[in-house]
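These notes concern the structure reproduced below.
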Amino acid sequence: MTTNPADADRLSALFAAHSRRVYAYAARHTDPETAKDVVAEVFLAAWRRVADIPEPALPWLLVAARNVVSNSRRSSLRRDRLAGVVAGSGLAALMPGADETALERSHMLAALDALNDTEREALLLTAWDGLAAKDAAAVAGCSARAFEVRLSRARAHLDRVLAAEPTPCEVTR
Amino acid sequence: MNAVDRLEALRPTDADVDRLWSRAERHAALDGVLHPAPRRSIRRPLMLGVAAASVAVVALGVSLVLPGGAPGGASPAAAAELDRLAGIAAAAPFDTARADQFLHMVVVDTQTSDGSAAENPAGTSVRTLESWTGADGSIWRMDTDAGRVQYFRFPTGGDDTAAPSPAYLASLPTDPAALGAYLRANVSGSTSADEAVFTAVGDMLRGGFAPPALRVAALTVLKGTPHVALGPATVDGQGRPVVELDFVDQGNRPDQVQALYFSTETAEIVQESQRAPGFAFTGVVRTSDIADAVPADVLAHAVGSNATGASKG
C-alpha cells in the first residue's frame, strides 16, 4: 500500500469528488447502510492502486463498486439474489421526498420497478451517474455496442411505462 | 419533459446523499482508508435480513492453479479431502430439474451476535428459506422469519459466478487449470483473489445445477487455492457426515472463518457458515429435492424483485 503523500492527496481528492456518487451507486444496489461499507472498500482498493486509476476516475470507481457488491454478498444473498429487493430500498431512500416531488418520485419508482435489472441499470448509469455510454458499458460489464442497444430499449420501455400511467398533474387535477 | 428528463430530474443530489451518509461518516471512512488500524477489517459482520451485502476489496489478476498441499495451495489435509470429494462428485448422480421441474430447497439460516456491531442486534435469529428453482434459474421463494411469511420471485441469474444461471454453469470449463484461470481472470471483489475464488466456487456449487465434471474441476481449483484449510466439523447441523473446508486469511480478515461443508456422500454443499468474534452465521440445507410444481400459494403471492411477477407455473 502506498505511503506517498502525493498519493494520499490524490486519494483524498478522489474521495471528495466522487465518494457521494459511489455511495449513491452502492445504495441502489444494496441498502443505505451497507453502501457505506461498499464505499470504504472501493476507496481502500483505490488506495492500493491509486497510481493506476485513470481520469476520469468515476467509471473506475463504479466498476470497483460493482465488483464489491456483486462478489461479496453474504451467502444467503448470493443464494437467493435477495439483493434485488434490497436494492429497491436503497433506490427509494436516495430519491428526494419533498411534497412537490413525492408523487413524481412514486411514479418513477414504479416505472423503474417495471424495468428489468439491466434496463434500469443502463438508465441510471447514464441519467444519474452521468456516465458516457462507453464508460457505462464498462460498469455494466458489456460492450459499448451492447450497452447502447440496452439503453435504447430501456428508454423506450421507460417511455411506455410512464405513458401508461397518469402523470402527477393528471392525478392531482 | 420526456421520460429520461424526468428521471434525470430525480437524480439524487449531494444533499440527498448527505441525508443518508453524513459528513462525519464520510470523514471517518476516508480516515479509515488512509490510516487503517493495525489488522483492521473494514468488512463488518454480516447481518440477517435485508441489508446483508457485506463488502470486500477488488482483487484482480491472473495466476495459475497451484498444486494442492504445496505452499500457496490448500493445506495438505484439505487437499487430501478435496481429492476425496472430487472422486465422490465424479461418481455422484446428477439429478437436476428437467425443464418442467424445479429444484426444491429448504435452507435454515441461523445468526447469533453479541451485539458488538450496531447492525447486528444481540441475540439469535432464525430464518427459513424455501425455494423452487426452475431449469432456467428463475426462483420462487417463501421466507419464514419469526412467524412472518414473505414470498418472492427472482429472475434467472446470468453469466456471472455470483449468481450463475444453469446455462452459464454448463458452459464453464471443466478442466481444472482452465477453470482456475477463468475464475482468476473473471472474479473480482473480496479481500484477495484467493478469497474471490473460494467464494465463486461456493456460488457455483450451491444449488445443485453444476454438472459433475464442473464440480470435480471446482473442487480441484480449491485444492490449489491458498488459505483453504480443513475445518473441524465432521457432521453438519442435520447430523450428516461432512467435510468442512475453511477459508482463513489472517492477513486480510483476522479471526474470520468462511466455511463450506461438503457432504461426504454426494460432495454437495449442505451447509455454510461464517464465524467472527461475537458473530456466527450458519445456513443449513435441510431439504434438497425435485418438485414438479411451485405451490399455488407461492405463485399467487410471490413478488418479483423487478416486477417480473409470478406467472410461471
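Which residue out of B:Ala210, B:Ala259, B:Ala267, B:Ala218 is open to solvent by less than 10 Å² (accessible area, probe 1.4 Å) and within 13 Å of chain A (Cβ to nearest Cβ)? When all the criteria are applied, what remains is B:Ala259. Any idea which residue in the stretch A:91-108 is farthest from the other protein chains (Cβ to nearest Cβ), counting only those that are modelled with pLDDT of 75 or more and open to solvent by 40 Å² or more (accessible area, probe 1.4 Å)? Looking at the filtered set, the residue picked out is A:Ser106.
Taken over the stretch A:101-156, the criterion of being among the hydroxyl-bearing types (Ser, Thr, Tyr), over 13 Å from the mean Cα position of the chain (by Cα) and under 23 Å from A:Ala57 (Cα atoms) is satisfied by A:Ser143 alone. Being in contact with a His (Cβ under 9 Å, 6 or more places away or on another chain) and either at pLDDT 85 or above or within 14 Å of chain A (Cβ to nearest Cβ) (or both) is the filter here; which residues of the stretch B:76-100 pass it? Matches in the stretch B:76-100: none.
Taken as a whole, the stretch A:28-47 holds at least one residue that is outside any helix (DSSP H, G or I), out of contact with any His (no Cβ under 6 Å at 6 or more places or on another chain), surrounded by 22 or more Cβ atoms within 10 Å (Cβ to Cβ) and modelled with pLDDT of 70 or more. Taken over the stretch B:184-203, the criterion of being buried (at least 24 other Cβ atoms within 10 Å of the Cβ) and hydrophobic (A, V, I, L, M, F, W, C) is satisfied by B:Val187, B:Ala196, B:Val197, B:Phe198, B:Ala200, B:Val201.
Results for (1) among the polar types (S, T, N, Q); (2) open to solvent by less than 30 Å² (accessible area, probe 1.4 Å); (3) over 13 Å from B:Val4 (Cβ atoms); (4) modelled with pLDDT of 80 or more, shown as yes or no for each residue.
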position: A:Leu123; (1), (2), (3), (4): no, yes, no, yes
position: A:Ala136; (1), (2), (3), (4): no, yes, yes, yes
position: A:Val139; (1), (2), (3), (4): no, yes, yes, yes
position: A:Arg155; (1), (2), (3), (4): no, no, no, yes
position: A:Asp159; (1), (2), (3), (4): no, no, no, yes
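Of the residues making up the stretch A:110-153, those that are of a type in the set (Gly, Ala, Ser) and outside any helix (DSSP H, G or I) are A:Gly130, A:Ala132, A:Gly141, A:Ser143. For the stretch B:101-118, filtered to residues that are part of a loop (DSSP other than H, G, I, E, B) and touching a strand residue (DSSP E or B) at 6+ places or on another chain (Cβ under 9 Å), the residue that is modelled with the lowest pLDDT is B:Ala117. Within the stretch B:193-205, is even one residue outside any helix (DSSP H, G or I) and touching a residue at least 40 places away in the same chain (Cβ under 8 Å)? Looking for residues that are outside any helix (DSSP H, G or I) and touching a residue at least 40 places away in the same chain (Cβ under 8 Å), one finds none in the stretch B:193-205, hence no. For the stretch B:206-226, a residue qualifies if it is part of a loop (DSSP other than H, G, I, E, B) and in contact (Cβ under 8 Å) with a residue 60 or more places away in the chain, and the qualifying residues are B:Arg206, B:Gly207, B:Gly208, B:Phe209, B:Pro211, B:Gly224, B:Thr225, B:Pro226.
Listed here are the residues, each with its yes/no results for (1) at pLDDT below 80; (2) in contact with a strand residue (DSSP E or B) (Cβ under 6 Å, 6 or more places away or on another chain).
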site: B:Thr128; (1), (2): no, yes
site: B:Asp145; (1), (2): yes, yes
site: B:Gly157; (1), (2): yes, yes
site: B:Asp160; (1), (2): yes, no
site: B:Pro176; (1), (2): no, no
site: B:Arg184; (1), (2): no, no
site: B:Asp203; (1), (2): no, no
site: B:Arg206; (1), (2): no, yes
site: B:Ala210; (1), (2): no, no
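The values are calculated or read from the model by the stated rules, or taken from the named source; none is laboratory data. Small disclaimer: the values here were computed from a predicted structure and weren't measured. Every residue, glycine among them, receives a Cβ derived from its backbone with ideal geometry; neighbour counts consider all protein chains shown. Keep in mind that these areas ignore ligands, DNA and RNA; they rest on the heavy atoms of the full protein, side chains included. Shrake-Rupley method; radii C 1.70, N 1.55, O 1.52, S 1.80 Å.
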